[in-house]
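Participant: Here you go, one structure.
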Amino acid sequence: MAWDEWERLKASAADKDAARMQLNGLPPEDRPNAGSPSGGFLKVDQQDLAAIGDEAFKLYNRLWKEARVTSTDSAASDLSSQGFALGGALQHVSTRWDKQLGSVMDACALISNHMDFTKNAHAGDEIFIERHVSGIQTLDAGFDEDWAGHGKPNPVYAEKKDKKD
């Protein structure tokens, strides 16, 4: 193979590589939150979780007190007993309302309970992480090569003196 042919093949390969995808990272324009150092990290605050759970619990209680319509059942049975077709339709609406209200109340209870669980789980995770990080710091301090300061020999490797009796 002639030298100029080799150079031509290298230049051709370099041109092809310029258009290929790079696997070692994303270009900056494709990175979400590339401008901020804290971008892309999920931050959960205990107060936020507690507030969401509290609002879901309040909504559950308000729905129980204010959204239940108990008078429609008696009105539907009265209308039906008097021969009005509207009684059956009102009973159907009342039944559907109760089912839908139950679904919304179940969702509120689920959110409230899940936020309480999440708050407790994150608190447990924080304690677990703190324990492990503090253990790593202690371990790291034991491997610090500069524990005795610059210029001081490590006494472990010092020459042993003969003991005299």
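Participant: Which one of these is at pLDDT below 75 and hydroxyl-bearing (Ser, Thr, Tyr): Ser71, Ser36, Ser80?
Facilitator: Unique residue meeting the criteria: Ser36.
Participant: Please tell me if Trp64 is in a helix (DSSP H, G or I), at pLDDT below 85 and open to solvent by 70 Å² or more (accessible area, probe 1.4 Å).
Facilitator: No.
Participant: In addition: Could you please let me know if Ser94 is on the phi < 0 side of the Ramachandran plot and touching a Gly at 6+ places or on another chain (Cβ under 9 Å)?
Facilitator: Answer is no for this residue.
Participant: Regarding segment 99-113, can at least one residue be identified that is open to solvent by 70 Å² or more (accessible area, probe 1.4 Å), more than 29 Å from the chain's Cα centre (by Cα) and either at pLDDT 90 or above or more than 30 Å from Asp48 (Cα to Cα) (or both)?
Facilitator: Within segment 99-113, one or more residues are open to solvent by 70 Å² or more (accessible area, probe 1.4 Å), more than 29 Å from the chain's Cα centre (by Cα) and either at pLDDT 90 or above or more than 30 Å from Asp48 (Cα to Cα) (or both).
Participant: Given the options Gly149, Gly124, name the one that is modelled with pLDDT under 85 and at positive phi.
Facilitator: Gly149
The values are calculated or read from the model by the stated rules, or taken from the named source; none is laboratory data. All figures in this text were calculated on a predicted structure; none of them were measured in a lab. FYI the Cβ positions are ideal-geometry reconstructions off the backbone, even for glycines, and counts take in every protein chain you see. Heads up: the accessible areas ignore ligands, DNA and RNA and are worked out on the full protein's heavy atoms, side chains in. Shrake-Rupley method; radii C 1.70, N 1.55, O 1.52, S 1.80 Å.
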